[in-house]
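Undergrad: Let me begin by handing over the structure; questions about it come next.
The values are calculated or read from the model by the stated rules, or taken from the named source; none is laboratory data. From a predicted model like this one, the values you see are computed outputs, not experimental measurements. All Cβ positions, glycine included, derive from the backbone under ideal geometry; neighbour counts span all protein chains shown. Surface areas here come from the heavy atoms of the whole protein model, side chains and all, with no ligands, DNA or RNA. Shrake-Rupley method; radii C 1.70, N 1.55, O 1.52, S 1.80 Å.
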Amino acid sequence: MCSRPPPSLAPGGKMKKFNIRKVLDGLTAVSSPSPSPQLGSKENELIPETLQSEHFQLCKTVRHGFPYQPSSMAFDPVQKILAIGTQSGALRLFGRPGVECYCQHESGAAVIQLQFLINEGALVSALADDSIHLWNLRQKRPAVLHSLKFNKERITFCHLPFQSKWLYIGSERGNIHIVNVESFTLSGYTIMWNKAIELSSKAHPGPVVHISDNPMDEGKLIIGFESGIVVLWDLKSKRADYRYTYDEAIHSVAWHHEGKQFICSHSDGTLTIWNIKSPAKPIQTITPHGKQPKDGKKPEPCKPILKVEYKTTRAGDPFMIFSGGLSYDTVGRRPCLTVMHGKSTAVLEMDYPIVDFLTLCETPYPNDFQEPYAVVVLLEKDLVVIDLAQNGYPIFENPYPMMIHESPVTSCEYLADCPVDLVPALYSVGSRQKRQGYSKKEWPISGGNWGLGTQSYPEIIITGHADGSVKFWDASAIMLQVLYKLKTAKVFEKARCKEEKPSTEIVDEDPFAIQLMSWCPESRMLCVAGVSAHVIIYRFSKQEITTEVVQLLEVRLQYELNDLESPEGGGDQTPAPPTPSTSPSPQTSGPQTHPSTSSNSSDGMRDNIPCLKVRSSPLKQSPGYQVELVVQLVWVSGEPPQQISSLAINSCYGLVVFGNSNGLAVVDYLQKTVLLNLGTMELYGSNDPYQRQLRSPRKSRQPSGGLCDINEGSATSEDRCKSPTSDNRDNSFSRSRSSSVTSIDKESREAITSFYFCETYTRKADGGLTPSLWVGTSLGTVLAISLNMPPAGEQRLLQPVIVSPCGTLNRLKGSVLRMAFLDSTGSLLPSAFEPWYEPNAPANGEERDKVRKRRPVSVSPSTSQELNENQYAVVCSEKQAKVIALPSQTCVFKHNITETSFVLRADVVQMNTGICVACFCANGHIMTLSLPGLRPLLDVNYLPLTDMRIARTFCFSNLGQALYLTSPTEIQRITYSQEVCENLQEMLGELFTPVETPEAPNRGFFKGLFGGGAQSLDREELFGETGAGKAPRSLAQHIPGPGGIEGMKGAASGIVGDLARARIALDERGQKLGEVEERTAAMMASADSFSKHAHEMMLKCKDKKWYQF
């Protein structure tokens, strides 16, 4: 009925015989404490260990999700690449779906503006700390080539004309400086504010809010000052041609492509259109959202129009697109983007405030008809692209994984190298959930090329969310794509309004939030635990069903016995040990039909009431995950149930187990019964090492008895009683992985923290392997429960599973986090599982029988392993790791992982050439330990500061993969495998691809003859050193960029190679590069010198890992 995958040592790598006696050899250089072998005579054998420290290296691979707190945006219309900057100095670049890149400015200052060097593979960023940076995008990991830091001026606006190398920078003082983007040096040419406005205003005009050149005359520059003054500046004659004054502050300015008119947006919700030769007054003033009074007075003021764009079309009316400008009486109205086209005005409501928007046009040339086709709108928490060419302006379906945060992520699981049929199965049920009504066109951000990854195994990420939803993501080959979404809240009755909220809820908001998830990928069984002390078990089916009554079990889980139930009316005694074959406990109500038997006891206390109400109406369940059973913890004598801190499911045994700070419950989900319901103390039976006082839940919550120590492996009682947030720990943390330790954090309650189902030896005298459940607690105890399973098939549904606690096996320092088992050769023993079958097969049962008969039968490990062959249990706690030989239960290896911090997450993972324990500590260290020898192989101080989000979401997976939520909206994936680090360069996509720049618009015969058309300007003559002299040195300092140490291998030769390839490609087409060639030469020279520096750096740092810089 159940199958067990054969223990496998992964292929590849020579097997090195590892002698336990020599375990300390060669470890003198390692900073971590050494493992100490503690040998029994039998276990002193040769055990192969294949993993060495050179197999490990740590690096970030890729970041997915929506850029957190975005602040600016730019688009390259030729390369079709989008760049987004954030308030924390991050830069995210997006090409076609699957081509993404993340970079970070070292200073961490907010990115206030971005400007592409269009079709040149470069980007300029301006930061809030008054620095500008030139990024080279011609390498897979973009790097800063130059930086310029302004000392005396605050940057407010930047403008880089198309195909120009001179960048205009406006400042808070109202001055304009000019930077050569090739050399990143300042020109001596400056436009001072007092020269620009002269006597037109008595007051200072305010900061520069806009700069752009006249599309038809590069020699004329329009400068917008915040106070409402606009100046048309003649660059050659160094004076103002015209000044335009309006009595409202300006937010933005936009040109008509013919260069005869421009439009301004103002703080009172008006748009003014000006003729460049009529500075006296605007030719038109519009208040698009203002109510027009009948008596000809000014319309009522509206909210500011923050940005306006004016785009022309050959065939029809121009588009005027702006954000803001709504009237003040639209309280509660969502943020809007307005599109005015001819006589129609469309107001497009957005879900979040608008940060910025850009209109995408067919041409990069500002002096041609723009032909807009889409608008990219950057919102605070979303990216929306609107199709301008279709009626009704539908939005494009966003192909990037940007809605990770649709509801806040509360838990996370990661599975690399999962069964190959899973992704297609989840995709097929998820594709039916797609929304309709999107634009039919291709996604317009389509630049770059995919990497040539050789990684072939499937990966799945599961995220649990605050609204009770669970999302499955395909994460194969450094991509991320949502496959399927499950809404667990459907199982419960929803309160229609706040007043209706049941008073039994134990959380103020998000009562359905997912806290823990346990998934069996082979059987596709899924189990989730929610914040309201509820557990839901799901089966996967490809067929739709309607469930008339949702099956429900209610469990009464108490910590200590009540006065009524304690053996001699309470006191200091230990409770009587439970009988070995504890069957359904009397504290449990059986499967319920609704309504539940909730009652308030005579003194008005809540008793036997669950926190949420399961729905009583029939539940239609679509293909995908379908509810099998709901288990709810109930209130006990006025005390709310404690949140669930650990959870596990096993499809072979048909069992789910969960625990909290009171105890644990084992549920048979096939028979829908509770098999075991024990307080943590009762698990110990008569051998409880801790002297505890029994208490009624009604009495004080103070811990009573002290803890006494009976075992060499455990800490002193003083250590154990320390608060999880005592001085030697980072105070931003509570120690628990779940938030279940709220009110009881300071008690010495012993919570259940981890489980593992396995076939193993539960007692020292065991002659064979038996199904069992291992339990780890917050006080570091490891206990076993043996499971006596009925025969498979029909008997499994009729006979009870007999469950009997076997007492304590071992004790570690700190809370137990993870357990796993190895066979006698040191290979990982996976849990037994039942292969997936369609649960809703036709009712006649023939199909189902066929499916059931076809399933492989479990190979009994006792026949395949000689009886004297042993197993090894691997147990990892917050402080140490142990390897325990079974059945003798002797500890053969022990390693103290950390003295001053504590482990937040530990996983036993399969690497390409062996297995190891991977740990993530609260002090930000990532470590790996060999198995079974527990030799330290990697120890990197990865994250200097760890917040609760990272602590709750960090997970390791197989083959060197790991991830965590780096912000509320983004997943950061990292690798600790040296092999993946080496192949990463190949797997990453290319942002820059050689593309020819479109031809410039034809000036036409008459325009060429009589003047008109675009006027060019020799900017070099005007701004270069010969014409303008040098800028004062004190104004800004030039900082050569690091060129990216991380991308050193590929980058040093890559820039030169890419440029050369691009040049050859263009030369072959017979294109003359002209100005671009000089620029290329300059970039090549800088790349050349960088290549030399990088080589020297590489030699110097050859033996250092990147994190040691």
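Undergrad: Hey, with R₀ at 60 Å, roughly what FRET efficiency would Thr993 and Ser888 work out to, going by the Cβ-Cβ distance, to 0.05?
TA: My answer for the efficiency is 0.45.
Undergrad: Something else about it: Tell me the volume per residue, in Å³, of the convex hull enclosing the alpha carbons of segment 192-311. Spell out each step's value before the answer.
TA: On the way: hull volume 12.7 nm³, N = 120.
Spelled out: Cα convex hull of segment 192-311, divided by residues, is 106 Å³.
Undergrad: How far apart, in nanometres, would the label points at Glu258 and Thr185 be if each is projected 7 angstrom from Cα along the Cα-to-Cβ direction?
TA: A separation of 4.3 nm, rounded to one decimal place.
Undergrad: On to the next question. What does segment 931-1010 give for Rg and for Dmax, in Å, if only its C-alpha atoms count?
TA: My reading of the Cα-based Rg and Dmax gives 25.0, 87 Å.
Undergrad: Also, quick follow-up: Using the structure shown, list the pairs from Lys260/Lys307; Lys236/Lys260; Lys307/Lys434; Lys140/Lys307; Lys307/Lys343 with a Cα-Cα distance above 29 Å, or answer none. The partial results should precede the final answer.
TA: On the way: Lys260/Lys307 20 Å; Lys236/Lys260 19 Å; Lys307/Lys434 33 Å; Lys140/Lys307 33 Å; Lys307/Lys343 21 Å.
The pairs that break the limit, which is 29 Å between Cα atoms, are Lys307/Lys434; Lys140/Lys307.
Undergrad: Take the alpha carbon atoms of segment 201-224, find their center, do the same for segment 63-100, and report the distance between the two centers in whole angstrom.
TA: Here the answer is 28 Å between Cα centres.
Undergrad: If R₀ is 25 angstrom, what is the calculated FRET efficiency for the pair Ala280 and Lys202, using the beta carbon separation as r and rounding to 0.05? Please list the in-between numbers first.
TA: Values: r = 19 Å, r/R0 = 0.76.
It comes to 0.85.
Undergrad: Taking a point 7 angstrom from the Cα of Glu838 along the C-beta vector, which residues in segment 532-555 have backbone N less than 13 Å away?
TA: Hits in segment 532-555 for Glu838 at 13 Å: 541-545.
Undergrad: Considering the Cα trace of segment 90-233, what is its radius of gyration and what is Dmax, both in angstroms?
TA: Rg and Dmax of segment 90-233, Cα atoms, are 16.1, 55 Å.
Undergrad: Quote to one decimal, in nm, the extra length available between Val420 and Asp508 on full extension: 0.36 nm per residue of separation minus the C-alpha distance between them. Intermediate values should be presented prior to the final figure.
TA: On the way: separation 88, 0.36 × 88 = 31.68 nm, distance 4.11 nm.
Here the answer is 27.6 nm.
Undergrad: Sorted from largest down, give the three principal axis spans of the alpha carbons of segment 269-390, whole angstrom values.
TA: 43, 41, 23
Undergrad: Translational diffusion coefficient of segment 349-440 at 37 °C, 0.692 mPa s, Stokes-Einstein with Kirkwood Rh over Cα pairs, in µm²/s as a whole number.
TA: Details: Rh = 16.5 Å.
It diffuses with D of about 199 µm²/s by this estimate.
Undergrad: Here's something else I'd like to know. Take Lys471, Lys613 and sort them by solvent-accessible surface of the protein heavy atoms, 1.4 Å probe, largest at the top.
TA: Numbers: Lys471 10, Lys613 125 Å².
So the residues, ranked largest to smallest area, are Lys613, Lys471.
Undergrad: Another question, then. With the cut-off at 1.5 for a/c, could you classify segment 394-477 from its C-alpha gyration tensor as rounded, prolate or oblate?
TA: Values: a/c = 1.67, a/b = 1.12, b/c = 1.50.
Oblate.
Undergrad: Here is a further query. As an exercise, use a Förster radius of 41 Å and the Cβ-Cβ distance of Gln52 and Ser88 to find the FRET efficiency, rounded to the nearest 0.05. Can you show the working numbers first?
TA: On the way: r = 37 Å, r/R0 = 0.91.
The value I calculate is 0.65.
Undergrad: Further question: Quick one: if you stick a label point 7 Å off each Cα along the C-beta vector at Gln543 and Lys620, how many nm between them?
TA: 1.8
Undergrad: Related question: Relative to 2.2 N^0.38 Å, what does the C-alpha radius of gyration of segment 877-951 come to as a ratio? Two decimals please.
TA: Dividing the Cα Rg of segment 877-951 by 2.2 N^0.38 Å gives 1.15.
Undergrad: Between Ala249 and Gln436, what length in nm is gained on full extension when 0.36 nm per residue of separation is reduced by their alpha carbon distance?
TA: Values: separation 187, 0.36 × 187 = 67.32 nm, distance 4.20 nm.
In short, 63.1 nm is gained.
Undergrad: Residues with amide H under 5 Å of Val62's amide H, sequence separation 5 or more or different chain, H placed in the peptide plane at 1.01 Å from N; which?
TA: So Val62 has HN proximity to Arg973.
Undergrad: Going by accessible area, probe 1.4 Å, with all protein chains left in place, what is the ranking of Glu493, Glu459, Glu380, largest first? Please report the intermediate quantities before stating the final value.
TA: Values: Glu493 70, Glu459 0, Glu380 95 Å².
Heavy-atom accessible area, descending, gives Glu380, Glu493, Glu459.
Undergrad: Can you give the accessible area of Thr285 in Å² (nearest 10), computed on protein heavy atoms with a 1.4 Å probe?
TA: Using a 1.4 Å probe on the heavy atoms, I get roughly 80 Å².
Undergrad: May I pose another question? Would you please give the residues with an amide H less than 5 Å from that of Thr753, counting only those at least 5 places away or on a separate chain, with H modeled from the backbone geometry?
TA: Gly776, Thr777, Ser778
Undergrad: Now, a different point. Quick query: amide H of Lys307 versus all other amide H atoms, modeled in the peptide plane; which residues come in under 5 Å with a sequence gap of 5 or more or a different chain?
TA: Ser323
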